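Reviewing the structure listed below.
The values are calculated or read from the model by the stated rules, or taken from the named source; none is laboratory data. Remember, predicted model here, so these are calculated numbers, not experimental data. With ideal geometry, Cβ positions are generated from the backbone for all residues, glycine too; neighbour counts draw on all protein chains shown. The protein model used for the area step is the full one, side chains on, heavy atoms only, and it has no ligands, DNA or RNA in it. Shrake-Rupley method; radii C 1.70, N 1.55, O 1.52, S 1.80 Å.
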Amino acid sequence: MKITQISVYQVDLPLEHPYWLSGGRLKFEVLDATLVKLETDAGITGWGEGTPWGHTYVPAHGPGIRAGLETMARFVLGLDPRRVLDVERAMDLALPGHLYAKSPVDMACWDIAGQAAELPIADLMGGGSRTPRPIASSVGAKTVGETRAVLQRYRDRGYVAHSVKIGGDVERDVARIRDVEAHRAPGEIILYDVNRGWSRQQALRVMRATEDLRVMFEQPGETLDDIAAIRPLHAAPVSIDECLVTLQDATRAAREGLAEVFGIKLNRVGGLTRAARMRDIALAHGIDMFVMATGGSVLADAEALHLAATVPDHACHAVWACQDMLTVDIADGRGPRNRDGHLHLPERPGLGVAPDEGALGDPVAVYAL
Ligand code: MG
């Protein structure tokens, strides 16, 4: 089987509610999505998506994905998409680094491989759990009152897991954490995501002031060095995500005991192939996981769900449904959707969902053999 054509689409995905990243540093209203369609000489078509969480979250942006695809396309055309390692190596030779630009191609290859094998991707990867995965909300808010209101909006949709965005102002962060904990429902999974918004000194002030609550913080500093430096000085469990990009990051964090949880975002780490290696490092070191896309439509959520299904139930805290935050649906209701706060693994072969091509407009680029 050969990849014969690569079509690239750009779609704006508006957010239903404007979003403030931790500390109010960054505000997003629309996501820049890149959809990739791989066609093959076997008549099987695969879809991939790359949607950064705005251009200011991590070093990844929509135009960069499309520029990367332009550079890599001729090295990918003609390859067998089922041989994902060949495709990965070809992309690495054509363009070192730029993992986020490679992720949609890797995803589309897995979609094709699953369809060819007549298996959902999770089963092709070795076996997917059918236990529904709780969806984590993404609570971008500023004040105690706003935080309560946004959390309630998600609870009304059935959500039992929440990622509450904090960072920036010590007193306000402590007040918001104490208020959320005071109103925590039984069984809820709550993570306080700093998104790198603290200095080391700010991190220690909040983490010590809330020590009695034993809450978990995500990315409480800019780098692995920052997280390592404060690690002996507080007692809180830690999740890392933005500074978990390469396998070397994962091995260092695992061996040095820098985190109890990995937040694996497939687009950031270069796609499903690389994310699966990170999963194995986590499992080998007793590290639990959140598994999600950096953002995007139901396609991106579905890809992350397949990987999440290959994590043992006890080690997978939650996934994400960024689709629930958007005002447009490029797949017309198909694919895994929120059911009582959970996503259920699709049983169709491959990714299990494809976009409505009519909703994508004309491709912005087409590369063919
Ligand atoms: Mg995070």
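May I ask you to list the residues in region 254-287 that are open to solvent by 10 Å² or more (accessible area, probe 1.4 Å), under 18 Å from TRP110 (Cβ atoms) and within 15 Å of the ligand (Cβ to nearest atom)?
Result: LYS265, ARG268.
Do you know which of the residues in region 129-166 that are of a type in the set (Lys, Arg) and open to solvent by 30 Å² or more (accessible area, probe 1.4 Å) is nearest to the ligand (Cβ to nearest atom)?
My answer is LYS142.
With the structure loaded, tell me whether THR71 is in a loop (DSSP other than H, G, I, E, B), β-branched (Val, Ile, Thr) and open to solvent by 50 Å² or more (accessible area, probe 1.4 Å) or whether it fails that test.
no
Step by step: first the residues of region 310-346, then only those that are acidic (Asp, Glu) and in a loop (DSSP other than H, G, I, E, B), then the one that is most open to solvent (accessible area, probe 1.4 Å). Which residue is that? Quick ask: steps written out before the conclusion?
Here is the first cut: in region 310-346, the ones acidic (Asp, Glu) are 313, 324, 329, 332, 340.
If we keep only those that are in a loop (DSSP other than H, G, I, E, B) as well, we get 329, 332, 340.
Details: ASP329: 70, ASP332: 110, ASP340: 128 Å².
Top of the filtered list is ASP340.
Can you name the condition, by its number, that GLN201 falls short on among (1) free of Cβ contacts under 8 Å to residues at least 24 places away in the same chain; (2) touching a Phe, Trp or Tyr at 6+ places or on another chain (Cβ under 8 Å); (3) not assigned by TED's automatic domain parsing to the domain that holds ALA33?
For GLN201, the failing item is (2).
Yes or no: region 169-184 includes at least one residue that is open to solvent by less than 50 Å² (accessible area, probe 1.4 Å), within 16 Å of the ligand (Cβ to nearest atom), in the same structural domain as VAL150 (by TED's automatic domain parsing) and not in a helix (DSSP H, G or I).
No, region 169-184 contains no residue that is open to solvent by less than 50 Å² (accessible area, probe 1.4 Å), within 16 Å of the ligand (Cβ to nearest atom), in the same structural domain as VAL150 (by TED's automatic domain parsing) and not in a helix (DSSP H, G or I).
Residues ILE166, ILE177: which one is touching a Phe, Trp or Tyr at 6+ places or on another chain (Cβ under 7 Å) and more than 29 Å from VAL269 (Cα to Cα)?
Values: ILE166 fails: more than 29 Å from VAL269 (Cα to Cα).
The match here is ILE177.
Please work out which one of (1) in a loop (DSSP other than H, G, I, E, B); (2) assigned by TED's automatic domain parsing to the domain that holds MET325; (3) in contact with an Asp or Glu (Cβ under 8 Å, 6 or more places away or on another chain) is the condition ILE135 fails and give its number.
With respect to (1) in a loop (DSSP other than H, G, I, E, B); (2) assigned by TED's automatic domain parsing to the domain that holds MET325; (3) in contact with an Asp or Glu (Cβ under 8 Å, 6 or more places away or on another chain), ILE135 is out only on (1).
For a quick check of your reading of the model, give me the residue pairs whose first member lies in region 238-267 and is closer than 29 Å to LEU299 by Cα and of a type in the set (D, E, K, R), whose second is at pLDDT below 95 and open to solvent by 30 Å² or more (accessible area, probe 1.4 Å), with beta-carbon atoms closer than 8 Å and at least 6 apart or on different chains.
Cβ pairs passing all conditions: GLU242/ARG196.
Considering (1) in contact with a strand residue (DSSP E or B) (Cβ under 6 Å, 6 or more places away or on another chain); (2) under 26 Å from CYS109 (Cβ atoms), say which one THR251 fails and leave the rest.
Failing condition for THR251: (1).
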